[in-house]
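Okay, structure first, notes after.
The values are calculated or read from the model by the stated rules, or taken from the named source; none is laboratory data. This structure is a prediction, so every number in the text was calculated from the model and none was measured. Ideal geometry is used to build each Cβ from the backbone, glycine not excepted, and the neighbour counts take in all protein chains shown.
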Amino acid sequence: MKKTGLLLSLFFLQQANAQLQYPATRKVDTVDNYFGTSVADPYRWLEDDNSDETKAWVKAQNTVTQDYLSQIPYRDKVRKRLQELWNYTRYSAPFREGEWYYFTKNDGLQNQSVWYRQKGLNGQAEVFLDPNKLSEDGTVSLGSLAFSKKGKLFVYAIQRAGSDWQEAFVMDTRTKEKLTDNLNWLKFTGFSWKGEEGFYYSRYPEPQAGDKMKGRNVNQKLYYHKIGTPQSADVLVYEDTEHPQRFANGFVTEDERFLCLYTSEGTSGREIKVKDLKNGQSGFTTLIKGFTTEPSVVDNVGDKLLVQTNDGASNYKLVLVDPKNPAKEAWKEIISEKENVLQDVNTGGGFLFASYLNDASTKVYQYTYDGKLVREISLPGIGSAGGFSAKKEDKELFYSFTSYNYPPSIFRFSIPAGSTTLYRKAEVKFKPEDYEVKQVFFTSKDGTKVPMFLTYKKGLVLNGQNPTLVYGYGGFNANETPYFSVSNLFFVEQGGIYADVVLRGGSEYGENWHKAGMLQNKQNVFDDFIGAAEWLVKNNYTNPGKLAATGGSNGGLLIGAAMTQRPDLFKAVVPQVGVMDMLRFHKFTIGYAWAQEYGNSEKPEQFQYLYKYSPLHNLKKGVTYPATLVTTADHDDRVVPAHSFKYAASLQEANAGANPTLIRIETNAGHGGGMPTSKRIDLTTDIWSFVMSNLGMNFRETFPGNGKPAAKGDVKKVL
């Protein structure tokens, strides 16, 4: 029976690939000159997402893609099983505001999680705010939000169709009535209350007509909004007219003494200014000069501030800084740099909670404010933990823990006693004891040791024939740590291996690890990813005919570069919402901020290395590329869809083999944030159907069991 199913799957591939007819894509004679190098851009017109021609192209491409996907014989079975796996109750960790505990809950297939609250941990829960009622199709989601000091007022922002743009409203928590306050043109901002009277936030000028989704976002300013007044009356707190591309975000310390201002020129480097609100300071004092380090204010101790910094400490440390004498020589070291990288420091109950990464797995330690170690907090095993934050007067906090075979669970922690109890666990329809997680290390091209996590069903035979998917990100100082995903669980359940690579460019081993994967060193990231794939083949986990790869955003760039550099190594790839045009990314929305990570093509030396790996510009005619499903969305105003449009058109023209080259363009969706559950299941169904069919996999019937949290011994570390 299985053999028959496999033959049907292979027959489908042959028939579908033979019948593929891609829409004709008009080419234009557009050529740019970069320091003597002529670079053609024949599909430049696809950058105009408002044009009728682009809209017609999108419709035609989606028709081809959906026709292809609809012929995969087990696509409906994939969807059904994903719906079963997705359909479990999910909670967030509760936190206290005033007399209420707040948390989110999703019954399973709700498009958006619902906010609840209850008086006391044993009180009756009631709906506080249901985003599902804000739209008929679930495409309106909640963005930034914050409660006032006493929890009487609540400001929240909504995002429509996945766009980064936010619109904010204010609610009276006592009556749950929405007030008249309404703020627009918010993006990349939080809210920080000063008492019950008002809050600080950041906004951009209103964009010109037609530029809302692709125009450059510049001139961000910090404002103060007083409750009950129109946005036009908001007080301008800070702007930098000389540097319009800088970000400006502010927040108030817990005791409301200091207003802290973060300014940055991109995704790396920050300057911190502070204003003493208690003493009525009129202007800001520079606490940490920018923009060569990554400092962040943790809290204040009287008239001094605790700052986490990597200045002179690649793995970060915690120091006490006096705004009246902020020179480095006067800093007092509270928590010194350790062998493991310090990810963040939170506060709660009058203590500090320092989270470290040990080979990409979380370790958490409790300290006093003067840096005395109180205890290490015992976690269930190798995985990711977060949420160690509470108010100063709280005696407990709630944190979450997850790993690849450990569904998210919430734990209750007594701050004075240091004891932990399980508060809530997710009941997913699978048996964690049937799965194995390993951490392995391989040597990259330049000799660097790189970690990788592998997840698969127990009893795996190393015969080189196992379908495998490799995932990576590798950039922007972001960490890649163990996490639970029903999407990945589905693939592993189907007999696949999920490989998660801890690439350079992230924060897993400190700032040196980050710098080793940015700017002129970006090729290291691609070498690490390719090295991981080669290691899997060499060690008989899989072979190139059974190997797929995926990544999103910066990870989409990763997949685009890996497939153009080593098309022979992968059978199928899925670059999602990727940065594919490395010469023009800085011309759209917030793209200019990535120049600190990537470089800028308008600088001669940076143009050279960008052009060398830019996925769009390294496609070659006559090459057989892997089966490719490019994914993007029409409301992606982070990485505009033009990247994927131009890349897909160029790949369809260049690809010499029979492997399909498809693009899936989601409507009423953005970069991924806030995507409703229904659309997530649709997208995941199409991705796994595409990957499985091109890896020659047949759908396996599964029999779900009652899940239980994985034991500590289920997670192994292998050198």
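Checking each residue in the stretch 247-283 for being crowded, with 19+ Cβ neighbours inside 10 Å and either at pLDDT below 95 or in contact with a helix residue (DSSP H, G or I) (Cβ under 9 Å, 6 or more places away or on another chain) (or both) picks out Phe247, Ser264, Gly266, Thr267, Ser268.
So that you can scan it fast, the table gives a plain yes or no per residue for (1) part of a strand (DSSP E or B); (2) modelled with pLDDT of 95 or more; (3) among the hydrophobic types (A, V, I, L, M, F, W, C):
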| position | (1), (2), (3) |
| --- | --- |
| Ile72 | no, yes, yes |
| Arg81 | no, yes, no |
| Ala93 | no, yes, yes |
| Phe103 | yes, yes, yes |
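Please work out if Glu701 is outside any helix (DSSP H, G or I) and acidic (Asp, Glu). Criteria met by Glu701. Exactly one residue among Leu259, Leu236 is over 28 Å from Asp311 (Cβ atoms), among the aliphatic types (A, V, I, L, M) and assigned to a strand (DSSP E or B), and that residue is Leu236.
Ser336 fulfils the conditions (1) within 22 Å of the chain's Cα centre (by Cα); (2) exposed (fewer than 15 other Cβ atoms within 10 Å of the Cβ); (3) of a type in the set (S, T, N, Q) except for a single criterion, (1). For the stretch 352-366, residues that are buried (at least 21 other Cβ atoms within 10 Å of the Cβ) and farther than 22 Å from Pro451 by Cβ total 2. Among the strands (runs of 3 or more DSSP E) confined to the stretch 442-506, the ones with at least 2 residues that are closer than 19 Å to Ser361 by Cβ are located at 449-457, 497-501. Count of the stretch 37-62 residues, restricted to those that are surrounded by fewer than 16 Cβ atoms within 10 Å (Cβ to Cβ), part of a helix (DSSP H, G or I) and free of Cβ contacts under 8 Å to residues at least 24 places away in the same chain, is 4. Working only within the stretch 520-567, note down all residues that are of a type in the set (S, T, N, Q), outside any helix (DSSP H, G or I) and surrounded by 20 or more Cβ atoms within 10 Å (Cβ to Cβ). Result: Thr542, Thr550, Ser553.
Restricting attention to the stretch 190-206, the residues that are without any contact (Cβ under 8 Å) to a residue 60 or more places away in the chain and buried (at least 17 other Cβ atoms within 10 Å of the Cβ) total 9. Residues in the stretch 346-366 that are more than 14 Å from Ser414 (Cα to Cα) and in a loop (DSSP other than H, G, I, E, B) were compared, and the one that is nearest to the chain's Cα centre (by Cα) is Ala360. Residues of the stretch 668-690 that are farther than 26 Å from Lys105 by Cα and either surrounded by fewer than 24 Cβ atoms within 10 Å (Cβ to Cβ) or hydroxyl-bearing (Ser, Thr, Tyr) (or both): Ile687, Ser689. Give the residues of the stretch 55-94 that are of a type outside the set (A, V, I, L, M, F, W, C), more than 21 Å from Ser689 (Cα to Cα) and touching a Ser or Thr at 6+ places or on another chain (Cβ under 6 Å), sorted by residue number. Listed by number, the list holds a single entry, Ser92.
Yes or no, residue by residue, for (1) under 29 Å from Asp76 (Cα atoms); (2) under 18 Å from the mean Cα position of the chain (by Cα):
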| residue | (1), (2) |
| --- | --- |
| Leu616 | no, no |
| Gly622 | no, no |
| Ala633 | yes, yes |
| Glu653 | no, no |
| Asn659 | yes, no |
| Leu662 | yes, no |
| Met675 | yes, yes |
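With respect to the conditions (1) under 17 Å from Gly190 (Cβ atoms); (2) without any contact (Cβ under 8 Å) to a residue 40 or more places away in the chain; (3) within 24 Å of the chain's Cα centre (by Cα), Lys105 lacks only one, and its number is (1). Filtered by the rule that a residue be within 26 Å of the chain's Cα centre (by Cα), among the polar types (S, T, N, Q) and part of a strand (DSSP E or B), the stretch 284-305 gives a lone residue, Ser296. Hey, any hits in the stretch 109-132 for a residue that's in a loop (DSSP other than H, G, I, E, B) and of a type in the set (Val, Ile, Thr)? No, the stretch 109-132 contains no residue that is in a loop (DSSP other than H, G, I, E, B) and of a type in the set (Val, Ile, Thr). Scan the stretch 329-345 for residues that are in a strand (DSSP E or B) and more than 21 Å from Ser389 (Cβ to Cβ) and the total you get is 2.
Among the residues of the stretch 497-519, the ones that are over 23 Å from Ala595 (Cβ atoms) and either over 18 Å from the mean Cα position of the chain (by Cα) or among the β-branched types (Val, Ile, Thr) (or both) come to 5 in all. Annotation: of all residues in the stretch 126-136 being at pLDDT 95 or above and among the charged types (D, E, K, R), the one that is farthest from Arg680 (Cα to Cα) is Glu126. Across the stretch 251-292, the qualifying residues are those that are touching a Lys or Arg at 6+ places or on another chain (Cβ under 7 Å) and of a type in the set (D, E, K, R), and the one among them that is farthest from Gln220 (Cα to Cα) is Lys278. Residue pairs whose Cβ atoms lie under 7 Å apart, sitting 6 or more positions apart in sequence or on different chains, and linking a residue in the stretch 68-95 that is under 18 Å from Glu701 (Cβ atoms) to a partner that is among the basic types (Lys, Arg), are Glu84/Lys429; Leu85/Lys429.
Residues that are buried (at least 20 other Cβ atoms within 10 Å of the Cβ) and among the hydroxyl-bearing types (Ser, Thr, Tyr) within the stretch 461-485 comprise Thr468, Tyr471, Tyr473, Thr481, listed in sequence order.
Within the stretch 133-179, can you find the residues that are in a loop (DSSP other than H, G, I, E, B) and either among the small types (Gly, Ala, Ser) or within 19 Å of Asp234 (Cβ to Cβ) (or both)? Listed by number, the residues that qualify are Ser135, Gly138, Ser148, Gly151, Ala161, Gly162, Ser163, Trp165.
Every test in (1) under 30 Å from Glu493 (Cα atoms); (2) in contact with a Phe, Trp or Tyr (Cβ under 7 Å, 6 or more places away or on another chain); (3) surrounded by fewer than 21 Cβ atoms within 10 Å (Cβ to Cβ); (4) not small (Gly, Ala, Ser) is passed by Pro407 save one, and that test is (3).
Can you say whether His617 is in contact (Cβ under 8 Å) with a residue 12 or more places away in the chain, over 30 Å from Trp86 (Cα atoms), out of contact with any Cys (no Cβ under 8 Å at 6 or more places or on another chain) and not aliphatic (A, V, I, L, M), as far as the supplied structure shows? So His617 passes the test.
Screening the stretch 367-385 for residues that are in a strand (DSSP E or B) and surrounded by fewer than 18 Cβ atoms within 10 Å (Cβ to Cβ) and picking the one that is nearest to the chain's Cα centre (by Cα) gives Glu376.
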